[in-house]
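Below is one structure, written out as structure tokens; the observations come after it.
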Amino acid sequence: MKRVIFFLSALSIMAGSMAQTVNLHLTNGKTVKYDLAEIDSIDFSTEGSANDVEGAVDLGLSVLWATCNVGAEAPEDYGDYYAWGETETKTFFYQYNYSRHVGNGSFNSIGSNISSSQYYDAATVNKGGTWRMPTIAEMKELINKCTWKRTTSKGVAGYLVTGTNENEIFIPASGSYIDDTKYTGNYANLWTSEPVGEYNHMCYRLLANSDGIELSTFPGFYGCAVRAVCEKTTEEIGGGSTNGGDGWVSVSATGYAPYYYCPTSKTTTPSTKVATTINAYRNTSTGAYKVTWAGTDYACSAGYNKITLSSTAHTTTNSYGKSIVCSDPYYLEFTISY
């Protein structure tokens with residue numbers, strides 16, 4: 001299979017012996033050799049772009065976005081509606097027939113982030129491949145880094161979303177499915193992969209209406225459309241970024257914001273665990289993993305991780321009335337799935 005090579009920095013090209021190979025001399029001093037038979041073309045643009053993924057658009061963001069909602073055959077189609085965490089569409093969206101409802105207004109947990117779940121992610125189950133539901137961070141990126149314009153396409157009301165690289169997608173005003181009624185044409189509703197809390201029926205969604213574009217919450221037992229994302233898979237050489245340069249690619253991770261573990265009571269109680277998006281990466285060359293927090297990289301591994309970021313101390317009184325000094329580790333706790 002031939003490849004298109006994208007470069008993030010200037011380079012020079014020198015043909016190898018008998019013109020069978022090409023040596024790519026990067027400005028960082030490295031040289032990469034390719035067989036000419038493997039190269040279809042070379043793009044000298046300043047930005048890398050993704051390998052061709054059918055039905056995906058590169059908006060210049062951290063992930064690729066699907067051109068259509070899950071279940072739709074064209075961008076203007078509304079597609080199927082799903083309760084959050086369910087993978088089959090239906091025509092009645094009540095609390096009583098919601099799969100997470102266990103009675104008396106209580107709901108079970110299916111995790112703090114269902115993106116890529118083979119059981120609960122409507123995009124993964126119905127589209128297959130590497131498609132998945134977008135996280136809160138990825139949806140915020142779509143909202144904040146792109147330009148949104150209310151418009152119509154083939155007579156369907158919706159939003160033209162223009163990325164940082166001028167590529168576009170159309171999101172129809174698919175509205176929502178509440179109880180047994182479908183409300184369409186006035187606003188767009190798209191699920192993210194994260195709930196307000198593991199046992200909370202409220203979940204985060206993108207809401208686009210006449211008041212603007214925002215991330216808000218919505219009862220998970222109601223029906224919303226799903227717009228899938230997938231990872232960028234471009235082979236980028238040079239640049240040293242964590243989205244391809246030097247072999248680092250983003251991987252899915254769920255976890256908790258840093259929190260203190262305090263073994264005894266403390267005058268100022270530290271914040272409890274709060275679910276958050278973790279920026280984790282895997283090196284495609286070495287297989288190593290790392291997580292980036294507050295601008296610092298920390299080595300980690302696939303699966304469960306608990307990293308001590310720092311440690312403080314406080315003085316307290318034990319049960320015998322003696323003054324003691326306790327150490328308070330500052331943890332980053334997360335799980336990487338790849």
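The values are calculated or read from the model by the stated rules, or taken from the named source; none is laboratory data. Nothing here was measured: the structure is a model prediction, and the numbers come from that model. When we count neighbours, we look across all protein chains shown, and the Cβ atoms used for this are built from the backbone with ideal geometry, even at glycine. Only protein heavy atoms, including side chains, enter the accessible area calculation; ligands, DNA and RNA are left aside. Shrake-Rupley method; radii C 1.70, N 1.55, O 1.52, S 1.80 Å.
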- Message: Accessible area of segment 74-163 with a 1.4 Å probe: how many percent of it is carbon plus sulfur?
- Response: 48 percent
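Once Rh is set to the Kirkwood radius over Cα pairs, what Stokes-Einstein translational diffusion coefficient, in µm²/s, holds for segment 155-237 at a temperature of 20 °C and a viscosity of 1.002 mPa s?
The calculation lands on 150 µm²/s.
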- Message: Whole-Hz ³J(HN,Hα) for each residue in segment 110-127, computed from phi via Karplus 6.51 cos²θ - 1.76 cosθ + 1.60 with θ = phi - 60°, x for glycine and proline: what do you get?
- Response: 10, x, 8, 7, 9, 4, 6, 5, 6, 10, 10, 8, 5, 6, 4, 6, 8, 9
- Message: Report, in listed order, any pair from LYS140/LYS273; LYS145/LYS306; LYS145/LYS232 with a Cα-Cα distance greater than 27 Å.
- Response: LYS145/LYS306
- Query: Hey, what's segment 283-338 come to in accessible area per residue, 1.4 Å probe, Å²?
  - Reply: 59 Å²
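In µm²/s, what is D for segment 120-206 at 20 °C and 1.002 mPa s, where D = kT/(6 pi eta Rh) by Stokes-Einstein and Rh is the Kirkwood radius from Cα pairs?
Estimated diffusion coefficient is 148 µm²/s.
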- Message: Just to make sure I understand: if all protein chains stay in place, what is the order of TYR304, TYR259, TYR119, TYR204 by accessible area at 1.4 Å, largest first?
- Response: TYR119, TYR304, TYR204, TYR259
- Which sequence of SER174, SER99 reflects their accessible areas, 1.4 Å probe, from the largest down? SER99, SER174
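Which order do the peptides 315-325, 285-295 take when ranked by the mean count of other beta-carbon atoms within 10 Å per residue, highest first?
In decreasing order of mean packing, 315-325, 285-295 become 285-295, 315-325.
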- Quick tally, 1.4 Å probe accessible area for VAL196, VAL161, sorted with the most first, runs VAL196, VAL161
- Query: Which net charge results when you count Lys and Arg as +1 and Asp and Glu as -1 among the other residues whose beta-carbon is under 12 Å from that of GLU214?
  - Reply: +1
- Query: Tally Lys and Arg at +1 and Asp and Glu at -1 over the other residues with C-beta under 12 Å from the C-beta of CYS68: what net charge comes out?
  - Reply: -3
